[in-house]
Amino acid sequence: MSSATQTLRAAISHSRRDLAIAAVVCAAGAIGLFLDSDASLTLQNLLGAGAWIILALLLKGEPAEIRVQVVVVMLVATACEYYFAPNWHIYIYRFDNVPAYVPAAHGMIYLAAAVLARSALFRRHARLLTCLAILSGAAWATWGVWFAERGDVGGAALFLILVGFILFGGARLLYVAAFFITTYLELVGTHYGTWAWATHMPVFGLSQANPPSGIAAGYCVFDMAAVTGASLLDKARVSALVRYPATVYTALTRRFAGQTEAEGE
């Protein structure tokens, strides 16, 4: 057995939990999107409940930092969903709504990207996976601009933003993992007709495919918000833990000093 094969097997062995979480997210996403492709609104809501249960189970055993990041992603992504989908119609769900599973799905997508980014497999093959993401994304974007029947200039513009995140962002592997996960789920969702992207971007008027080639750039924004937001919340918590005892100590000291002066008089 070659050393490269041994290294790969060792990386996979040390990444079992992380790879299992990503696999569950991909499988649950594919099954859920398939079922939703011909589901009633009631079944869609039941799929939403199932998504929340799966997310809760996947988060068991995860550190507090990851859980906070997942919550931040869900808040930011869901707010964007409720604003852009019904108002701008950048993309449209089957019932022209935001399905009940969407918030939990965003949480699962981020969780999958985060665990892949920290996995031994991604860390040991970071350069290879980064090149694979950029080259495959570039090929897709080029096809969309020059060869596809439905133009994708907007997707190519998003791809350039994605490359910026990967090359200059502070969490390169997170963005690389987000590219693979979101591209997979976008292709599955649009294939089953669970949602569909508009032929042109609102405001900018750029053509876009279904899905746009660089759509993972949007998820990178969510990921950046998660990392930044969790960091700010952690700093606020630490600051509160430091300031609150100090404030209490100062108040008690002043009160005790006041009582001592009163007794002396």
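Report, by residue number, each residue of the range 53-78 that is farther than 19 Å from Phe222 by Cα and in a helix (DSSP H, G or I).
Ile53, Ile54, Ala56, Leu57, Leu58
Would you mind telling me which numbered condition in (1) surrounded by 19 or more Cβ atoms within 10 Å (Cβ to Cβ); (2) not in a loop (DSSP other than H, G, I, E, B) Pro99 fails?
So Pro99 meets the others, but not (2).
Would you say Ala105 is within 22 Å of Asn45 (Cβ to Cβ), touching a strand residue (DSSP E or B) at 6+ places or on another chain (Cβ under 8 Å) and among the small types (Gly, Ala, Ser)?
The answer is no for Ala105.
Across the range 199-255, which residue is nearest to the chain's Cα centre (by Cα) among those that are of a type in the set (Ser, Thr, Tyr) and at pLDDT 55 or above? Please lay out each step first, then the result.
Looking only at the range 199-255, we keep the residues that are of a type in the set (Ser, Thr, Tyr), and these are 199, 207, 213, 219, 228, 231, 239, 244, 247, 249-250, 253.
From the residues that got through so far, the ones that are at pLDDT 55 or above too are 199, 207, 213, 219, 228, 231.
Working: Thr199: 24, Ser207: 25, Ser213: 17, Tyr219: 5, Thr228: 13, Ser231: 16 Å.
Only one residue fits best here, namely Tyr219.
State which residue is surrounded by the most Cβ atoms within 10 Å (Cβ to Cβ) when the search covers only the range 8-50 and only residues that are farther than 18 Å from Ala126 by Cβ and of a type in the set (Val, Ile, Thr).
Val25
Quick check on my filter: what residues within the range 136-148 are of a type outside the set (Val, Ile, Thr) and surrounded by fewer than 23 Cβ atoms within 10 Å (Cβ to Cβ)?
Ser136, Ala138, Ala139, Trp140, Trp143, Trp146, Phe147, Ala148
Would you say Tyr91 is modelled with pLDDT under 95 and either in contact with a helix residue (DSSP H, G or I) (Cβ under 6 Å, 6 or more places away or on another chain) or hydroxyl-bearing (Ser, Thr, Tyr) (or both)?
Judged against the criteria, Tyr91 is a match.
Which condition number does Thr5 fail, the rest of (1) assigned to a helix (DSSP H, G or I); (2) surrounded by 15 or more Cβ atoms within 10 Å (Cβ to Cβ); (3) free of Cβ contacts under 8 Å to residues at least 40 places away in the same chain being met?
Against the list (1) assigned to a helix (DSSP H, G or I); (2) surrounded by 15 or more Cβ atoms within 10 Å (Cβ to Cβ); (3) free of Cβ contacts under 8 Å to residues at least 40 places away in the same chain, Thr5 comes up short only on (2).
If you scan the range 180-193, which residues turn out to be touching a strand residue (DSSP E or B) at 6+ places or on another chain (Cβ under 7 Å) and either in contact (Cβ under 8 Å) with a residue 40 or more places away in the chain or more than 18 Å from Val25 (Cα to Cα) (or both)?
Listed by number, the list holds a single entry, Gly189.
Residues checked against (1) buried (at least 21 other Cβ atoms within 10 Å of the Cβ); (2) of a type in the set (Gly, Ala, Ser); (3) under 28 Å from Arg94 (Cα atoms):
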| site | (1), (2), (3) |
| --- | --- |
| Arg150 | no, no, yes |
| Ala156 | yes, yes, yes |
| Val163 | no, no, no |
| Ile166 | yes, no, no |
| Gly170 | no, yes, no |
| Val176 | yes, no, no |
| His191 | no, no, yes |
| Thr199 | no, no, yes |
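The values are calculated or read from the model by the stated rules, or taken from the named source; none is laboratory data. Given the structure is predicted, the values throughout are model-derived calculations rather than measurements. Cβ coordinates were reconstructed from backbone atoms using ideal geometry, including for glycine residues, and neighbour counts include every protein chain displayed.
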